[in-house]
4 protein chains.
Amino acid sequence: MIIILKRNADPKKVDLLTGALKAKGLGIHYSEGLNTTIVGLVGDTTRVDEDQLRANDVVEDVRRISEPFKAANRKFHPKDTLVSVGDRQIGEGFFQVIAGPCSIESEEQMIQVAQAVKQSGATLLRGGAFKPRTSPYAFQGLETDGLKLLLQAKRATGLPVVTEIMSENHLDLFADVDVIQVGARNMQNFQLLKELGRCKKPILLKRGLANTIQEWLMSAEYILAGGNPNVILCERGIRTFETQTRNTLDISAIPVIKRLSHLPIIVDPSHATGTTWLVEPLAKAAIAAGADGLMIEVHNNPKEALCDGGQSLRPEEFDQVMGEVKRRVAFEGKRM
Amino acid sequence: MIIILKRNADPKKVDLLTGALKAKGLGIHYSEGLNTTIVGLVGDTTRVDEDQLRANDVVEDVRRISEPFKAANRKFHPKDTLVSVGDRQIGEGFFQVIAGPCSIESEEQMIQVAQAVKQSGATLLRGGAFKPRTSPYAFQGLETDGLKLLLQAKRATGLPVVTEIMSENHLDLFADVDVIQVGARNMQNFQLLKELGRCKKPILLKRGLANTIQEWLMSAEYILAGGNPNVILCERGIRTFETQTRNTLDISAIPVIKRLSHLPIIVDPSHATGTTWLVEPLAKAAIAAGADGLMIEVHNNPKEALCDGGQSLRPEEFDQVMGEVKRRVAFEGKRM
Amino acid sequence: MIIILKRNADPKKVDLLTGALKAKGLGIHYSEGLNTTIVGLVGDTTRVDEDQLRANDVVEDVRRISEPFKAANRKFHPKDTLVSVGDRQIGEGFFQVIAGPCSIESEEQMIQVAQAVKQSGATLLRGGAFKPRTSPYAFQGLETDGLKLLLQAKRATGLPVVTEIMSENHLDLFADVDVIQVGARNMQNFQLLKELGRCKKPILLKRGLANTIQEWLMSAEYILAGGNPNVILCERGIRTFETQTRNTLDISAIPVIKRLSHLPIIVDPSHATGTTWLVEPLAKAAIAAGADGLMIEVHNNPKEALCDGGQSLRPEEFDQVMGEVKRRVAFEGKRM
Amino acid sequence: MIIILKRNADPKKVDLLTGALKAKGLGIHYSEGLNTTIVGLVGDTTRVDEDQLRANDVVEDVRRISEPFKAANRKFHPKDTLVSVGDRQIGEGFFQVIAGPCSIESEEQMIQVAQAVKQSGATLLRGGAFKPRTSPYAFQGLETDGLKLLLQAKRATGLPVVTEIMSENHLDLFADVDVIQVGARNMQNFQLLKELGRCKKPILLKRGLANTIQEWLMSAEYILAGGNPNVILCERGIRTFETQTRNTLDISAIPVIKRLSHLPIIVDPSHATGTTWLVEPLAKAAIAAGADGLMIEVHNNPKEALCDGGQSLRPEEFDQVMGEVKRRVAFEGKRM
């Protein structure tokens, strides 16, 4: 960590500051320039508060040099994390495709879609029971009834299931769910993250709408630091000025995460763009860029879907996309 | 709402779609162009799901013409909402200044700051007990002990208090709190918003990091639609590419909210920029642009503040800012 | 185009407006709703000025339904454009790799790099003679001397050359250049675009730092409308809040452009990220997403490169990337 | 400037690097940490190329500590720059209002608007002769004929005139123009900036659509370093995700520029939002935040304006805004 001192900073105050930092076990290196003097802090700065330093009279600015995350950091954990979901694994050459409807609407729909996506080669089943909706007037999900239908589809197909949690109070209801999803809007719901750190289930952590990769890894760090090592990251597009797509898929996030962290990362091309015809090209790009999996929305009747119909593939469209996916996963030398 | 049909859309499918929309009580207007045919929907489209429409075979795109919010909409509620907090009011010419430390650290600190800000003219007291921190290793707040200290400061000064909630499970703890704050990271924690709609306390709803004004009003709509009319909006800067300031204060949000909605809006110049020397000019700008209040961080010892020290004013700095604030609120013909 | 009328708009003024629009040959469709009345305009609205309409007393807002570009629009030109560069072609299944140094520094460097990239399979040679630099104190390029060295390398290797133009006054100097590049910062230098519309050389039009896909196509439209059909688009990353990469590569732009337009599109992974180790994964992703080519920076001694050294590959690194590129272009069924 | 070394960097290569930097006259400070070793560079780093450093084998990352601008930097020029325009001055307590039509359309329009804005208190006259338009089919300005009409209005009213330049080839045509405006889209047209550095006329430099404050000051630096000290900065809104306003006015840019630089800064509330009813509140906010002037679009018949009608005030609306402006400029203790 680098502290940039103000010009003409009072030397006594500077001594007080560096004394306090030394007392915390940090090494101190001065570097006096023509116009700027900087102080380098050496040691474990993970717990040093930048804002507190900035408040000091003599401090002009503070720059962090090392990443503030440890448990999620590849530097300290060079080996890829392999997350197990039932008898499947994700990461380190194992590629998984999660598919299913945005929201669970009926037994018939859920079973039909589950069987169709299994047939096409999906390896995990998704379905939304609790739905985060921008409008209070929009369909909010079947909630506990939806969870029951999802678990029914799990029994019918043998596919492990993924579904989104919206409150730490619902954790008990998720006992038979295989992967708990944290949605983009809850990526910094720290109360929820703390609770999820206490369970051992795999957590699918979506990137927030406008969160940096570092903030995303810090949210993963909450779960890891809590004692749960099973975190799967999911890139789902970020908010930019472009309006042709609902969000902008940050494809670079895949190799960047692979370098900074040991955690597996998958891509959700459905939410990233909000448009069905973009799912296939973006799925291809994600595989080529090194993703460990995909999450794709499929609906048997998208035009009557109670949410996000515009981005859901029909089963026959999904089947075609899966043909491409399998060919390309094999090309990359990965296993599904 | 406007539906743009695909070129060469099957007329039978178009008839099915328009038939279904008519059955929902909506009027239908065709407009056939050279390259594009559009269908206008007339009636209450608040509950029409754009994404569901987009999933239809014959639909190219959908554009919403009316705002999707009703209870928060000035069109249907032309009169300004005036929110009462204890014996104070906010909105419609009543201006309030909320001040206090980012996080509550000790009895001594809380009482000292509370008395100082009261002395300088602050009309509400803030203090963070539950703190949303990006890092799990950062100070997370004194939690329930912090709440006790805040209520002690309320009794000592007579100032109503504002503090942030991080979980719907904490609502009982907030019984004696005057205004419940929803932080930027929880603006779309819909489970929390639903619970807050069931209480009657004033809610200070901060704008999310990268949320549009319309999404913000939709979050207010969750609270209003739940039965709680006491919502105060708080602009606190949005995320952009600029790096000189922590966030970019969206000053236009003030007049835009005033036009779209009847709810009061205040500005938080401390979080908007993350820098003390920007608090005063941005506070002045906010008053001139029509804000109904300010929220300013004050700390008696910012360099030892356990969070956000870099943006906290010292009591003597706050006192100087308040001199300017009072002069300008009077210039605008408003009352504090 | 849709005009949304103000509530209680004076019917006489509305009649005047619609009369004026009819006089321009446009058809008019009314659609009167409960809270909103809209007017649909039917016909060629390319030349209708939205802002002029918005200034009208009775108009609340205006929404464009059809795209404002014609010559670049796939709707009117369904067949892919194939741009010829010397004896090579780009688009419609023909894939090209443009490689070379960010800036031309010496004869030795230029010839060495040119021979190396040719050896590895690059099909066009790039090199910057006029350099757009943020700082006036940074190296501004060898200018006309640089152009000479580039043409020397062209003769030595037989590779067609691509280089950036920074002023319409330099057009004469570019007589022997094969492809003229318009940099991101000049994407909306309309005076330059007009001049380029008058020549017949292929133009490589980079996307602006923060320009929408529609604005980008409108800039292409300037060149096409001027009479030059040879436009190649180049996605090079957009500006977002993320700081791990210099820009955010908008991978979705490839399929979106392919759908909206008939023009070929290539990707520049070097500028998109500013980091060498990201060039390979992003090149792979671009090929998978359907790009027609790549532009990659290569330097024989990046640590002494006079600009953008941080993102330049060494010839041996480029050779390895090209191995992957060739394998993947073949996998996609395209020809190099 | 701080160089962060790679872990396990070869000490011989590090020595070579630091030797080369010392040879450039820079001082070197090592700071070896547990996980990271950094090298501080002391001296004038304005001409050190960060990207070149990043390309070095042993370098992980580079962080600039001092600002890369010198001539525009308040640290080296503590006193405010006061720019003279005819017998008027801008900066250091002198406030100017530039008003007039977006584009010049006819003698009658230009003279009428000029007299009206003078009457209301505008102190400089603007009018666009060369217009940067997104679409090649939109009105491109009256060009040289427009310039003639503008100069006619200057003679008729005595107001100095401001107009936009779009090519360095037009400089001769601007001989009688008082202030030359560089539009947002040309902020990084470096060829144009270099030419403007060679003349002595005041330059109004608009901030680019998505340019950082530092890049903006670097563009000013091009003009200043060329020998022209007369630069006026103009904030006109930046591109964000928000869609209620055309751009987001970055109000913080005013105090930030005042701290970083000695140059005067004005605000263009018309282009910042694209909406007439936002001009007044944003003009008020700009004055309160410390702006040195305003630039406001006025048109005698906005609904027939050939461009940007939607954001132009009518003369009577402008007159009302000016009432507020005068009252507030006086309140701030500035002179018009």
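The values are calculated or read from the model by the stated rules, or taken from the named source; none is laboratory data. Fair warning: this is a prediction, and the values are worked out from it, not measured in the lab. Backbone-built Cβ (ideal geometry, glycine too); neighbour counts: all protein chains shown.
Structure values in brief
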item: Residues of the range B:204-235 classified as away from chain A (no Cβ under 14 Å) and crowded, with 20+ Cβ neighbours inside 10 Å, total; result: 6
item: Among (1) more than 14 Å from chain B (Cβ to nearest Cβ); (2) at pLDDT below 95 - the single one A:LEU149 does not satisfy; result: (2)
item: Test for D:LYS194: is it surrounded by fewer than 20 Cβ atoms within 10 Å (Cβ to Cβ), more than 9 Å from every other protein chain (Cβ to nearest Cβ) and basic (Lys, Arg); result: no
item: Members of the range A:1-16 found to be over 33 Å from the mean Cα position of the chain (by Cα), at the interface with another protein chain (Cβ under 9 Å from one of its Cβ atoms) and closer than 14 Å to A:ARG63 by Cα, listed by number; result: A:ILE4
item: Hits in the range B:248-269 (condition: closer than 19 Å to D:THR243 by Cβ and either touching a strand residue (DSSP E or B) at 6+ places or on another chain (Cβ under 6 Å) or hydrophobic (A, V, I, L, M, F, W, C) (or both)); result: B:THR248, B:LEU249, B:ASP250, B:ILE251, B:ALA253, B:ILE254, B:VAL256, B:ILE257, B:LEU260, B:ILE265
item: Among (1) closer than 25 Å to D:SER103 by Cα; (2) of a type outside the set (Phe, Trp, Tyr); (3) over 11 Å from the mean Cα position of the chain (by Cα), the one test that D:ILE223 misses; result: (1)
item: Cβ-Cβ under 6 Å pairs, at least 6 apart or on other chains, the range D:278-296 side at the interface with chain B (Cβ under 8 Å from one of its Cβ atoms), far side of a type in the set (Val, Ile, Thr) and buried (at least 24 other Cβ atoms within 10 Å of the Cβ); result: D:ALA285/B:ILE251; D:ALA285/D:ILE251; D:ALA286/D:VAL267; D:ALA289/D:ILE251; D:ALA289/D:ILE254; D:GLY290/D:ILE254
item: One residue from D:THR245, D:THR240 being crowded, with 23+ Cβ neighbours inside 10 Å and closer than 29 Å to A:PHE241 by Cα; result: D:THR240
item: In the range B:251-284, the residues that are farther than 17 Å from B:PRO78 by Cβ and of a type in the set (Val, Ile, Thr); result: B:ILE251, B:ILE254, B:ILE266, B:VAL267, B:THR273, B:THR275, B:THR276, B:VAL279
item: Residue satisfying condition, being surrounded by fewer than 17 Cβ atoms within 10 Å (Cβ to Cβ) and away from chain C (no Cβ under 14 Å), within set D:GLY19, D:GLY25; result: D:GLY25
item: Cross-chain or 6+ apart pairs with Cβ under 8 Å, the range A:305-330 first and more than 9 Å from every other protein chain (Cβ to nearest Cβ) and under 11 Å from A:THR276 (Cα atoms), then surrounded by 24 or more Cβ atoms within 10 Å (Cβ to Cβ) and at pLDDT below 80; result: A:LEU313/A:PRO302; A:ARG314/A:PRO302
item: Filter result for C:VAL62 (over 19 Å from B:GLY40 (Cα atoms), aliphatic (A, V, I, L, M) and modelled with pLDDT of 80 or more); result: no
item: The range C:120-147, subset of a type in the set (S, T, N, Q) and closer than 19 Å to C:LEU294 by Cβ, residue surrounded by the fewest Cβ atoms within 10 Å (Cβ to Cβ); result: C:THR123
item: Matching option when the condition is buried (at least 24 other Cβ atoms within 10 Å of the Cβ) and touching a residue at least 60 places away in the same chain (Cβ under 8 Å), among B:VAL117, B:VAL182; result: B:VAL117
item: Qualifying positions in the range C:102-134 - more than 16 Å from C:GLY183 (Cβ to Cβ) and of a type in the set (Gly, Ala, Ser); result: C:SER106, C:ALA114, C:ALA116, C:SER120, C:GLY121, C:ALA122
item: Residues (free of Cβ contacts under 8 Å to residues at least 12 places away in the same chain, touching a strand residue (DSSP E or B) at 6+ places or on another chain (Cβ under 6 Å) and within 11 Å of chain B (Cβ to nearest Cβ)) located in the range A:28-75; result: A:ARG54
item: Some residue of the range D:155-171 being under 30 Å from A:ARG246 (Cβ atoms), surrounded by fewer than 23 Cβ atoms within 10 Å (Cβ to Cβ) and free of Cβ contacts under 8 Å to residues at least 60 places away in the same chain; result: no
item: Test: residue in the range D:37-47 that is of a type outside the set (Lys, Arg) and under 30 Å from D:ALA289 (Cβ atoms); result: yes
item: Where C:ALA99 falls short, out of the listed (1) under 31 Å from the mean Cα position of the chain (by Cα); (2) assigned to a loop (DSSP other than H, G, I, E, B); (3) away from chain D (no Cβ under 14 Å); result: (2)
item: Some residue of the range B:264-275 being surrounded by fewer than 23 Cβ atoms within 10 Å (Cβ to Cβ), closer than 22 Å to A:LEU53 by Cβ and of a type in the set (Ser, Thr, Tyr); result: yes
item: Residues that are part of a helix (DSSP H, G or I) and touching a strand residue (DSSP E or B) at 6+ places or on another chain (Cβ under 9 Å), drawn from the range A:111-146; result: A:VAL113, A:ALA114, A:ALA116, A:VAL117, A:LYS118, A:SER120, A:GLY146
